[in-house]
Amino acid sequence: MTAVPVRRLHVLVVDDEVPALDDLVWLLQAQPGIGTIDKAAGATEALRLLQDSKHDAVFLDIRMPGLTGLELARILGQYAAPPAVVFVSAFESHALEAFEVAAVDYLLKPVSAERLAVALSRVTEAGLSSDDARSPDDELAVVPVEIGSTTRLVDRDSVWYVEASGDYVRLHLGAVSHLVRIPMATLEEQWAQHGFVRVHRRYLVALRHVSEMKAESSGGYVVLVAGTEIPVSRRHSRELKDRLVRAARRTSSK
């Protein structure tokens with residue numbers, strides 16, 4: 001009889017203190033069931049890693065400069081399929097707040113191997129109990145953006161249009177814009193059911209903010225969004241027209 005392989009956990013460790021970060025990574029490496037371990041020296045760096053790949057669990061310090069561990073956990077709570085959060089802190093005073101954001105465990109430093117094993121079993125149990133309920137359709141309802149040393153949460157519904165910029169995209173919110181490292185294809189897929197339409201290889205627009213679509217003398221089209229003319233490629237023009245007509249009919253019928 002062939003043994004069924006056990007899936008190993010992909011975890012992320014976040015701590016601004018390098019010795020504490022390295023100690024926890026070392027302890028995790030000795031635990032059975034651990035696959036890959038990523039590490040971040042702060043919550044902002046952790047957000048970038050969490051956007052680039054999926055993690056089963058995040059071992060998270062609380063008191064960090066800039067974005068705190070509790071604030072990061074609240075951002076993860078917006079995900080449809082968030083990783084399990086295990087707080088690792090030198091202070092007991094945040095335990096109540098930790099469980100208010102649905103942490104699966106709260107470890108006090110220094111962490112022992114035995115206590116870490118208990119936390120990992122809780123991570124596994126949490127993953128098994130939520131597998132059937134997980135749906136990835138709304139993980140980017142809120143997008144964290146960096147403004148200097150501050151992380152701001154941008155709600156999807158406040159975005160007027162998205163512009164590709166190399167490996168990044170620029171989220172336009174009226175007269176304000178933010179540069180974030182998210183593939184345009186990811187936003188197109190995850191925001192399609194929320195009124196966003198690809199109109200050009202460089203642009204994704206929110207239909208509710210399109211005030212006009214007009215033909216140009218060259219035979220092409222542009223749409224007007226927040227006073228900005230955005231080009232529409234020929235291959236996207238038919239679908240966009242149909243979507244705008246359907247949206248107008250729904251509005252007029254109300």
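The values are calculated or read from the model by the stated rules, or taken from the named source; none is laboratory data. Treat the numbers as computed from the prediction; the structure is a model and nothing was measured. Quick reminder, even Gly has a Cβ in these numbers, built from the backbone with ideal geometry, and neighbours come from all protein chains shown. Note: areas computed on protein heavy atoms with side chains; ligands, DNA, RNA excluded. Shrake-Rupley method; radii C 1.70, N 1.55, O 1.52, S 1.80 Å.
Principal-axis analysis of the Cα atoms of the chain puts helix 234-253 at an angle of about 90° to the longest axis. Remark: the stretch 36-111 projects, on average over all directions, an area of 4.9 nm² (convex hull of Cα atoms). Pairs of C-alpha atoms in the chain farther apart than 24 Å represent 55 percent of all such pairs. Ligands, DNA and RNA left out, the 1.4 Å accessible surface of the chain is 52% carbon and sulfur atoms.
Just so you know, the averaged projected area of the alpha carbon convex hull for the stretch 167-208 sits at 3.0 nm². Accessible surface computed residue by residue for the stretch 1-129, with neighbouring protein chains in place and a 1.4 Å probe, gives 51 Å² per residue. Per residue, the accessible area of the stretch 159-204 comes to 49 Å² when a 1.4 Å probe rolls over the protein heavy atoms. The angle between the Cα long axis of helix 18-29 and the longest principal axis of the Cα atoms of the chain comes to about 80 degrees, rounded to the nearest 10. Taking label positions 7 Å along the Cα-Cβ direction at both residue 100 and residue 193, the computed distance is 3.1 nm, reported to one decimal. For the stretch 1-74, the C-alpha radius of gyration sits at 1.21 times the compact-globule guess of 2.2 N^0.38 Å, with N the residue count. For residue 179 and residue 109, a Förster radius of 45 Å and the Cβ-Cβ distance give a FRET efficiency of 0.80, rounded to the nearest 0.05. For the chain, which span is the longest to avoid every loop-located (per DSSP) member of GluC sites (Glu not before Pro) having at most 12 other Cβ atoms inside 10 Å? Between the exposed loop sites, the longest stretch runs 93-215.
Restricting the calculation to alpha carbons of the stretch 164-254 gives Rg and Dmax of 13.4, 41 angstrom. Projecting label points 7 angstrom from Cα along Cα→Cβ for residue 125 and residue 235 puts them 5.1 nm apart.
Calculated FRET efficiency, residue 92 to residue 117, Cβ-Cβ distance, R0 = 22 Å: about 0.60 to the nearest 0.05. Note: relative contact order over the chain, using C-alpha pairs below 8 Å and six or more positions apart, is 11 percent. In this simple spin-label approximation, residue 154 and residue 202 carry label points 7 Å from Cα along the Cα→Cβ vector, and these lie 1.7 nm apart.
Taking the 0 to 90 degree range and rounding to the nearest ten, how far is the long axis of helix 43-52 tilted relative to the main principal axis of the chain, both from C-alpha atoms? Helix 43-52 sits roughly 60 degrees off the main axis of the chain.
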